[in-house]
Amino acid sequence: MEMPIPNASVLARKDRIVAKLSAVLPANAVISDEAETRAYECDALTAYRCPPLAAVLPTTTEQVSAILKICHAEGVPVVPRGSGTSLAGGALPTADCVILGVARMNGVLETDYNNRFIRVQTGRTNLSVSGAVEENDFFYAPDPSSQLACAIAGNIAMNSGGAHCLKYGVTTNNLLGVTMVQMDGTVIEIGGAHLDSGGLDLLGLICGSEGQLGVVTEATLRILRKPEGARPVLMAFDSNEVAGACVSDMIKAGVLPVAIEFMDRPILELAENFAKAGYPDCEALLIVEVEGSDAEIDEQLTLILEIARRHNPVELREAKDAEDATRIWLGRKSAFGAVGQVADYMCLDGTIPVSELPRVLTGISELSKKYGLRVGNVFHAGDGNMHPLIMFDANKAGDLELCEQMGAEILRLCVEVGGCLTGEHGVGIEKRDLMVDQFTTQDLEVQMAVKDVFDPTWLLNPAKVFPLQSSQSRRAGQLAAE
Amino acid sequence: MTILTPKTEAELAEVIAGTQGPICVRGGGTRPGGHVEAETVLQTAALSGITLYEPGALTLVVQAGTPLQDIEKQLTDEKQRLAFEPIDYRGLMGTSGQSTIGGVMATNTSGPRRIQAGAARDFALGVRFVDGTGTVLKNGGRVMKNVTGYDLVKLLCGSWGTLGVLSEVSLKVQPIPDTSACILINGLTNQQAVDAMSKALGSPFEVTGAAHAPEGVDGHPVTMLRIEGFEKSVSYRAAQLKDLFGAYDVSIETTPEKLSAGWKWVRDVELMHGLSGDVWRISCKPSDGPELAARLKADKTLFDWGGGLIWALLPERTDARARLGEFAGHATRVRGAPLTNIPMFHPEPAALATLSKSLRLKFDPHGYLNPGIMD
């Protein structure tokens with residue numbers, strides 16, 4: 001993956017830049033020693049690494065503003081970082097950049113149950129937001145599978161989803177307001193505890209902008225009362241097509257489960273070997289979860305199981321108690337780990353219209369044969385958000401490149417059937433060069449024009465989202481301005 | 001005045017590319033915004049029709065000029081709906097004609113269910129539009145989850161045509177639940193009502209509407225809590241909610257006709273139909289609702305969104321913002337003769353106003369599209 005050539009002038013000024021940053025930050029908040037900056041050399045897309053010039057770990061919005069002012073004045077690129085769990089390389093550094101990590105900004109600023117929101121510093125992890133309101137039976141709905149580690153800052157940057165967004169929506173649907181620092185150090189407030197914008201929807205624009213428009217330091221998030229209960233059922237089918245048809249029928253029938261998860265045979269076999277969840281022997285497995293009181297759950301499940309039976313399932317298994325429920329989710333939750341045990345893998349997240357599921361699954365299996373790489377599919381079926389895991393061997397020369405080529409073909413297929421490159425992980429560097437397959441030059445140009453407004457010198461996370469060739473003149477402007 | 005009615009997206013692009021001055025963009029003309037000084041009116045009415053409807057995928061792709069009524073009929077036939085419950089502004093605004101989906105999305109118009117399901121912008125999956133230079137652009141798509149590039153879909157929703165003219169929108173639709181019920185509480189003060197709505201919205205019973213009318217249809221205060229779903233579930237939750245407010249005068253309404261009429265009354269602000277005066281719409285933190293209503297001293301008041309939305313009828317030319325003073329939220333002057341000293345939209349903080357202005361210049365460098373409509 002190509003990255004821009006580091007700015008030699010910035011590299012030469014390292015000492016001065018570090019000294020300036022140290023002057024406005026507490027002790028231990030600036031990391032510039034080469035051995036220590038290695039800790040920030042990559043995110044969860046570990047195939048690509050590059051230690052940054054320095055990393056800074058501020059604790060307040062004021063400090064973030066001071067950092068950005070300095071970097072702005074010195075012409076230093078800044079790569080914002082939450083917890084570094086991006087699968088798309090969203091937090092991958094360049095050698096001339098400062099990593100701005102919000103990990104130490106993890107406080108809860110305000111909790112308001114009457115108005116159903118929580119205001120947090122964005123370094124707080126996703127799961128600990130729910131943790132902060134749990135004793136009052138509330139929760140924060142978006143639940144990316146990295147929720148134990150991932151930060152709200154990254155969730156906002158990538159507009160993260162999760163297994164339960166079929167019912168509760170993704171980050172943008174649960175974000176009420178932000179405090180954001182612009183590249184020149186200006187602090188702005190957008191939204192708050194009230195709903196919707198009085199003017200242009202800048203909040204909607206910020207969410208999912210991959211840290212390219214500003215650094216979000218505080219967020220007002222919608223919290224919800226927990227449902228009285230939840231219960232999953234497991235449905236096993238003898239083909240992907242039948243499982244796909246069952247999903248479509250459930251949705252058409254007006255039942256809206258909180259989650260519909262899909263696993264295919266290759267994943268099932270690995271997950272079973274790894275987690276011993278006791279899944280049935282089948283081609284495709286669905287986990288469907290519904291919520292409510294016991295009686296409500298019974299009512300919904302009766303309808304759902306009736307639909308499933310019409311598709312001749314190999315097995316239907318309803319959780320009788322909490323232990324059953326855990327077992328049903330066990331294989332799904334350990335699917336990525338199971339794959340990681342046997343191979344290196346790349347996880348894509350192209351999203352397709354639900355009706356195209358069978359066609360795309362067939363296409364993926366053909367590509368798997370063509371490239372000679374194994375693929376497992378585990379995904380959020382209700383919303384068509386695929387997660388093909390392509391397995392490869394990082395120690396084998398050329399295997400990563402082969403895997404990337406195959407990934408690109410899968411994503412092009414997703415676009416071809418009316419879908420998109422990424423449903424919840426973000427573009428980062430991983431899908432940057434494929435943007436031309438989904439968008440016209442003009443479509444990309446108008447997005448880059450938006451960045452021009454917020455970050456005229458293109459210093460914030462500049463080498464991400466847009467193909468380097470498309471953004472070149474703008475990034476060159478950054479060098480000239482410096 | 002010239003009226004242009006392009007029949008295709010290509011024609012729309014041609015018209016905009018060839019324009020020499022400001023254009024007033026119009027869907028059905030049912031909710032005029034601020035004053036637009038323009039000799040040319042661009043109607044989207046002929047960009048009409050459903051491009052794609054997949055009930056099994058909850059997806060609808062539709063031309064921007066399609067009448068809302070046609071869309072709702074098509075959806076109802078499949079037992080589906082637009083969950084954000086768009087307002088029919090005609091009665092309140094004294095306008096006629098057909099509201100279009102493009103107009104609904106461009107103004108991010110959402111009704112009572114906004115509090116639970118989300119706003120129009122939350123159901124917008126993708127847009128195609130023509131910017132101020134006549135360039136055809138797209139963003140988003142027709143899938144439920146999409147983080148490919150910046151989310152210009154949200155930015156276009158609520159931009160009142162100032163960034164581009166929508167030619168096509170993709171929407172997420174929702175199944176219509178089997179049944180519905182409304183918990184009615186009589187005689188509450190504004191404060192009691194907002195407290196009660198907050199309690200209901202903070203319960204696990206999935207309230208999909210929470211409104212309070214200090215003067216209901218019969219002139220007495222009434223608080224309404226809506227629940228929807230499968231039959232047994234609705235009766236269970238209705239009973240639970242009724243118990244929650246056991247100390248008050250509570251009843252449960254289940255007659256479908258009465259329910260739909262009641263929520264239409266709230267949605268379309270029927271309380272203020274046919275009355276003279278200016279209409280204001282205030283979005284605030286729900287618990288601030290009673291205090292803000294007290295400051296407004298309005299002739300008529302209606303609370304929606306659990307207290308987070310206040311509709312207020314005030315004497316003509318009253319500056320509601322002056323009465324409200326500093327508060328967290330925004331006040332829009334929805335109906336009233338154009339006044340230079342009292343803009344329709346809430347003035348933004350300087351930094352945000354600068355960003356919005358710069359964004360408009362990127363999308364519409366000549367300032368041709370609905371200039372001044374959001375001032």
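What to note about this one:
- Order by protection proxy (mean Cβ within 10 Å, highest first), peptides A:332-343, B:164-175: B:164-175, A:332-343
- Drop in accessible area of at least 40 Å² in the complex versus isolated chain, residues of region B:101-135, 1.4 Å probe: B:114, B:121
- Across peptide B:355-362, the mean count of Cβ atoms from other chains lying within 10 Å of each residue's own Cβ comes to 6.
- Rounded Å value of the spacing that divides the Cα centres of region A:124-145 and region B:78-143: 31 Å
- Size of electric dipole in region A:138-292: Cβ of Lys, Arg +1 and of Asp, Glu -1, about Cα centre, debye, nearest 20: 420 debye
- Computed over the Cα atoms of region A:346-420, pair by distinct pair, the Kirkwood hydrodynamic radius stands at 12.3 angstrom.
- Taking the accessible area of region B:270-335, probe 1.4 Å, and keeping the other protein chains in place, the carbon and sulfur fraction comes to 45%.
- When +1 charges are put on Lys and Arg Cβ atoms and -1 charges on Asp and Glu Cβ atoms, the dipole computed for region A:15-157 relative to its Cα centre reaches about 260 debye.
- Distance from the alpha carbon centroid of region A:232-256 to that of region B:11-63 works out to 38 angstrom.
- Average partner coverage of A:222-229, which counts Cβ from other chains inside 10 Å: 3
- For region A:343-438, the residue among A:364, A:386, A:415 whose Cα projects farthest onto the positive side of the dipole built from Cβ charges is A:364.
- Of all DSSP beta bridges confined to region B:2-175, the antiparallel ones make up roughly 75%.
- Cα-based reach from residue B:79 at 12 Å (exclusive), listing aspartates and glutamates while leaving out same-chain residues under 8 positions away: B:178
- Centroid-to-centroid separation of region A:169-218 and region B:205-269 [C-alpha atoms, Å]: 34 Å
- Region A:10-101, accessible surface, carbon-and-sulfur percent (1.4 angstrom probe): 52 percent
- Loop trypsin sites (Lys or Arg not before Pro), region A:25-73 (other Cβ atoms within 10 Å of the site Cβ: 15 or fewer; DSSP): A:49
- Cα gyration tensor shape for region A:1-121, rounded if a/c is under 1.5, else prolate or oblate: oblate
- Solvent exposure of region B:230-345 amounts to 43 Å² per residue of accessible area, where only protein heavy atoms count and the probe is 1.4 Å.
- Per-residue [θ]222 nm for chain A (sum of -39500 (n - 2.57) over DSSP H runs n ≥ 4, rounded to 500): -11500 deg cm²/dmol
- Shape of chain A from the C-alpha gyration tensor: prolate (a/c of 1.5 or more and a/b above b/c, with a ≥ b ≥ c the square roots of its eigenvalues).
- Database remark: amide H of residue B:125 closer than 5 angstrom to the amide H of B:170, B:171, B:172 (H placed geometrically; neighbours at sequence offset of 5 or more, or on other chains; Pro and chain starts carry no H).
- Relative contact order [Cα under 8 Å, 6+ residues apart], chain A, whole percent: 15 percent
- Dipole magnitude (debye, nearest 20) for the protein assembly as shown, charges at Cβ of Lys, Arg, Asp, Glu: 1280 debye
- Surface/4 of the Cα convex hull for region A:265-355, nm²: 7.3 nm²
- Solvent-accessible area per residue, Å², over region A:273-359 with all protein chains present [probe radius 1.4 Å]: 45 Å²
- Candidates per trypsin sites (Lys or Arg not before Pro) in region A:160-226, loop by DSSP, up to 11 other Cβ within 10 Å: none
- Taking 24 Å as the straight-line reach from the Cα of residue A:69, the lysines in range (excluding those fewer than 8 positions away in the same chain) are A:14, A:20, A:451, A:464, B:357.
- For region B:219-278, applying the loop criterion from DSSP together with a ceiling of 10 other beta carbons within 10 Å to the chymotrypsin sites (Phe, Trp or Tyr not before Pro) yields no site.
- P(r) tail for the protein assembly as shown: Cα pairs beyond 48 Å make up 18% of the total.
- Computed from protein heavy atoms with a 1.4 Å probe, the total accessible area buried between A and B is close to 6400 Å².
- Protection proxy ranking, peptides A:409-422, B:289-302, A:92-105, A:357-370, average beta carbon neighbours within 10 Å, highest first: A:92-105, A:409-422, B:289-302, A:357-370
- Dipole-positive endmost among A:259, A:188, A:165 within the protein assembly as shown (Cβ charges, Cα centre): A:188
- With the charge dipole of the protein assembly as shown set up from +1 on Lys and Arg Cβ and -1 on Asp and Glu Cβ about the Cα centre, the Cα lying farthest toward the positive end among the listed residues A:347, A:248, A:66 is that of A:66.
- For region A:10-101, share of DSSP beta bridges that run antiparallel, in % to the nearest 5: 20 percent
- Helical mean residue ellipticity (222 nm; -39500 (n - 2.57) per DSSP H run of 4+; nearest 500) of chain B: -7500 deg cm²/dmol
The values are calculated or read from the model by the stated rules, or taken from the named source; none is laboratory data. As the structure is a computational prediction, the values presented were derived from the model and not from experiment. Quick reminder, even Gly has a Cβ in these numbers, built from the backbone with ideal geometry, and neighbours come from all protein chains shown. Heads up: the accessible areas ignore ligands, DNA and RNA and are worked out on the full protein's heavy atoms, side chains in. Shrake-Rupley method; radii C 1.70, N 1.55, O 1.52, S 1.80 Å.
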